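The values are calculated or read from the model by the stated rules, or taken from the named source; none is laboratory data. As the structure is a computational prediction, the values presented were derived from the model and not from experiment. Here the Cβ positions follow ideal geometry from the backbone for every residue, glycine too, while neighbour counts run over all protein chains shown. Calculation scope for accessible area: heavy atoms of the full protein, side chains included, ligands and nucleic acids excluded. Shrake-Rupley method; radii C 1.70, N 1.55, O 1.52, S 1.80 Å.
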Amino acid sequence: MAANTAIRIAEARKVYGSGSSAMVALHDVDLEIPTGRFVSIIGPSGCGKSTLLRLIADLETPDAGSVEVLGGSAADACDGKHVGFVPQSPALLPWLNVLHNVTLPHKVNRGASRKRRAGAADARPMPDMEQLLRAVGLDDAMHKLPSELSGGMQQRVAIVRAMGLQPDVLLMDEPFSALDEFTREALQEQLLDLWDDTTATVVFVTHSVSEAVRLSDQVVVMAPRPGRIIDVIDVDLPRPRRWDRFTSDAFHHYENLIRECLQSAWHSPDLPSAA
Amino acid sequence: MTTLESSAAPSAAAMTAASASAREGAARRFPKFLRPSRWAPIVVMVVVLAVLWQLVAEAMPYLLPPLDAVGKALASNPLYYLENAWITLQEALIGLAIAFVCSSVLAVAVSEVPVIRRAVMPVAVVLNVTPLVAIAPALVVAFGFGPEPKLIVTALICFFPILINLTVGLRSVPTPVLQLYRTVHASRAELLWHVRAPSALPYLFAALKIVFPLSIVGAVVAEMFAPGAADGLGTAISLASSNNQLAVVYTSIFILALMGASLLAIVTAVERRVLHWHETHRSESE
Ligand SMILES: Nc1ncnc2c1ncn2[C@@H]1O[C@H](COP(=O)(O)OP(=O)(O)OP(=O)(O)O)[C@@H](O)[C@H]1O
Ligand SMILES: [Mg+2]
């Protein structure tokens, strides 16, 4: 059963603070993500999208319920370097050039890398990071410092850094939200191209309805106060998805579906936050 | 541009354009620090100060010695000043090295262990603003006239600025970066070495720019309270002032100032090389 379910979250609950200032960030969240899927999480600000991602990344532990990643605990998945993480800001180290930035994750927790390469089941050679950088058009930037790059280039470096781990689960928290529309669309395309060559399961947090439809197999819609999942919408559009498809009726159909869902969440009465 | 420069056009606009292009030409011919706009202000300032000094020295000879007397004092016995300066410099640098090692170790402990941080930091902040040189006489009483009290005073006053800056620096890593390396389960040692320590470098250099000159202050003050038995420029100053040799006092002070400034210049030069990636050194337009 674990073979084709990458992420299984059951009745997960997360509360920040205590007493009267308690804030229910996640309320009884159930979610199953099959292996190899591209799943977007969308919802208004403060509905717990980042919190959900942090649970999967083992950066937080749920107060109740369970989080299972790749058939084990989230901690085990991270310990084996099976999880790639792209934060909202590129989080590059300013004193390392681009190449050193993307190779540093290989240099830490070496035991995991060795184990992975030795393990027969998922034995893979370490990817050629220079080639990966070239694939996203960073040939000339390889030996530059992050401060010499544009925001879009920095975000591409962050994606390559995560992809370079050849993760089984790739977690992305609004990676493109700070970029202009043109850069954003170019990066979306590059992300899909990179992802096509892998079997990674992607969880992608976004604020943009069209971005969610464009990228995903499945869109998880969340609502705030308390943070919860209100709907999961399958996006049945053919891949590869080229830009000319985004004017099609089917595309708009899904966009409208998600918008309606978000609207109803906005107008629905709040759940009692105490459960 | 050249035509504008050679033909003396009468209009004001042309004049400014010509002088601007002349300035650009000068910029291309000379390295930055040779341009008059660079060195002229400080030269004028030094000349003004020297003139003021001479005026005060003539009016109140008991306050300041004339500058030529200072020069003569130095010329008559340069070896005396050199030897004493070397002793003071050694005390200062050894004391500073002791402070650096101790405060670095403690800074790592403080930044890694919250309990230690809560215990140590309030005390460190208070001690950092306490004038610790004031304990110099007590240390001389306790440790005698050897090098110990000088090293202890120097190390003490250098310790807290380094500790506080390093602690802040080690904890200055942005949350997304920490989260990122936590998702690959980087060990604490790896995080410290690859991420926290380099992040702390700008803070360390800020501290070093304070404590290098400060180390000389520490050594000199400690020397002043143990005159006679030991050497050093601090001893030289207190001996000379009790003998009313104003020129010797000020010669020693000039040398101390020069030492402090040189140390600061060296730290700044090293910082420029090491922190070339840091935003304060990215744009060197001015
Ligand atoms: N470390 C924390 N301490 C206290 N409260 C927190 C913490 N992290 C998140 N919260 C609260 O939990 C709720 C959900 O936060 P979260 O960051 O998951 O929202 P989000 O959906 O990612 O929002 P956004 O779209 O603005 O990023 C918010 O109300 C927030 O105030
Ligand atoms: Mg968020």
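The table that follows gives values for the structure above.
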| read-out | value |
| --- | --- |
| Rounded FRET efficiency, nearest 0.05, which uses the C-beta distance separating B:VAL141 from B:VAL115 and R0 of 35 Å | 0.45 |
| Accessible surface of B:CYS102 - all protein chains present, 1.4 Å probe, nearest 10 Å² | 70 Å² |
| Chain A: relative contact order in percent, alpha carbon pairs under 8 Å with at least 6 residues between | 25 percent |
| Chain B, helix-only ellipticity at 222 nm - DSSP H runs n ≥ 4, -39,500 (n - 2.57), divided by all residues, nearest 500 | -25500 deg cm²/dmol |
| DSSP-loop chymotrypsin sites (Phe, Trp or Tyr not before Pro) across the stretch A:33-115, with at most 13 other Cβ within 10 angstrom | none |
| Stokes-Einstein diffusion coefficient of the protein assembly as shown, Kirkwood radius over Cα pairs, 4 °C, 1.567 mPa s, in µm²/s | 44 µm²/s |
| Stokes-Einstein D for the stretch B:81-285, Kirkwood Rh over Cα pairs, 20 °C, 1.002 mPa s (µm²/s) | 115 µm²/s |
| Most fluctuating residue given options B:VAL248, B:VAL217, B:VAL168, as computed from a GNM of chain B linking Cα atoms under 10 Å | B:VAL168 |
| Size of electric dipole in chain A: Cβ of Lys, Arg +1 and of Asp, Glu -1, about Cα centre, debye, nearest 20 | 820 debye |
| Helix A:98-107 axis, angle to chain A major axis (alpha carbon atoms, nearest 10°) | 80 degrees |
| Sequence of A:THR103, A:THR199 from largest to smallest accessible area, 1.4 Å probe | A:THR199, A:THR103 |
| Residue mean of other protein chain beta carbons inside 10 Å, A:88-98 | 5 |
| Per-residue mean of C-beta atoms belonging to partner chains within 10 Å, peptide B:173-180 | 6 |
| The stretch A:5-267: C-alpha gyration tensor shape, a/c 1.5 cut-off, then a/b vs b/c | oblate |
| GNM top mover of B:GLY144, B:GLY232, B:GLY95 - chain B, alpha-carbon springs below 10 Å | B:GLY144 |
| Cβ-derived FRET efficiency at R0 30 Å, B:HIS276 paired with A:HIS207, nearest 0.05 | 0.20 |
| Estimated FRET transfer efficiency (A:GLN131, A:ARG110; beta-carbon r; R0 25 Å; 0.05) | 0.70 |
| B:MET60 accessible area, assembled protein chains, probe 1.4 Å, Å² | 70 Å² |
| Per-residue SASA entry for A:HIS106, accessible area with 1.4 Å probe, Å² rounded to 10 | 20 Å² |
| Of B:SER111, B:SER262, B:SER187, the one that fluctuates the most in a GNM where chain B has Cα springs shorter than 10 Å | B:SER187 |
| Solvent-accessible surface ranking, highest first, for B:MET259, A:MET126 at 1.4 angstrom | A:MET126, B:MET259 |
| Pairs beyond 24 Å (Cα-Cα), from A:LYS49/A:LYS107; B:LYS150/B:LYS209; A:LYS107/A:LYS144 | A:LYS49/A:LYS107 |
